[in-house]
1. Pick out which of GLY26, GLY53, GLY109 has the largest mean-square fluctuation in a Gaussian network model of the chain, springs linking Cα atoms closer than 10 Å.
2. May I ask you to list the lysines whose Cα is less than 28 Å away from that of LYS79, ignoring any residue fewer than eight positions away on the same chain?
3. Rank LEU185, LEU149, LEU93 by mean-square fluctuation in a GNM of the chain with C-alpha springs under 10 angstrom and give only the top-ranked residue.
4. In whole percent, what relative contact order does the chain give with Cα contacts below 8 Å and a gap of six or more residues?
5. What are the trypsin sites (Lys or Arg not before Pro) within the range 32-98 that DSSP puts in a loop, where the Cβ has at most 11 other Cβ atoms within 10 Å?
6. Neighbouring Cβ atoms within 10 Å as the yardstick, rank VAL112, VAL95, VAL174 fewest first.
7. Karplus couplings for the range 33-44 from phi (6.51 cos²θ - 1.76 cosθ + 1.60, θ = phi - 60°), rounded to Hz, Gly and Pro as x?
8. List MET89, MET78 from most exposed to least, where exposure is judged by having the fewest other Cβ atoms within 10 Å.
Amino acid sequence: MNSFTLAGSIIGGTVYFVLWVQILRGLKQNFATWILWSLIDVVATLSTLIEKGNFLLPVTYAAGSLLIAMTVFFRFGMKRISWGPNETMTAVLVVICLVAYEIFGGIAGIVVSTISVGIAGIPQLYDFWVDPWHAPFLAYFGFFAANILSTIGGTNWSLEERYYPFFCSVTCFVVVLVIARRWWLKDPRTQRALDES
């Protein structure tokens, strides 16, 4: 561990802390989604630990996702548990990650769980494409910064050192770009309100 990976982990943890506070204040989130995301990050963490790689960022994300899931459950109970196609897809990805890890070992676990992180985020990316005006730009910019720092902190260009943070850097960069569209697109709700006044 070096100062870059530590800084990346601190920034990532800070983003989760801010989200945690927002949830305590009533931000709607789904327990099932977050617990499944945490399981994918747990596989990434364990795979990276076994391969003696750059584990601090995935362990931060796994802990952050688990904290969010538990907060949603204990704060809102059964009212915030729903299951749909996105949760089914993510559950299938969790099973694929576990099977890949069990059969092929740590490197396969790193690759499959990392790709699963990206796939599991596609529905959310679509939501941000449709409505960038209510997407959390600063949160994803924070995640992007955390991923970049963790990538820089890798000791070499091996899968166990830089694959997870580099892949997450690319996916977060895409999310940031999608959300940033709100500064040059017109919000249809604002336009509708102006038309009605």
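1. For the chain, modelled as a Gaussian network with Cα springs under 10 Å, the answer is GLY26.
2. LYS28
3. Most flexible of the set in this elastic network: LEU185.
4. Dividing the mean separation by the residue count of the chain yields 29 percent.
5. Details: sites: LYS52, ARG75, LYS79, ARG80; in loops: LYS52.
Those satisfying the criteria are LYS52.
6. By the 10 Å Cβ count, ascending: VAL95, VAL174, VAL112.
7. My calculation for the range 33-44 gives 4, 5, 5, 5, 4, 5, 5, 4, 5, 5, 4, 4 Hz in order.
8. Lowest to highest Cβ neighbour count: MET78, MET89.
Every number in this text was worked out from the coordinates using simple rules, so none of it is lab data. On a predicted model such as this, the values are computed, not experimentally measured, just so you know. Using ideal geometry, Cβ is built from the backbone for each residue, glycine included, and neighbour counts are taken over all protein chains shown.
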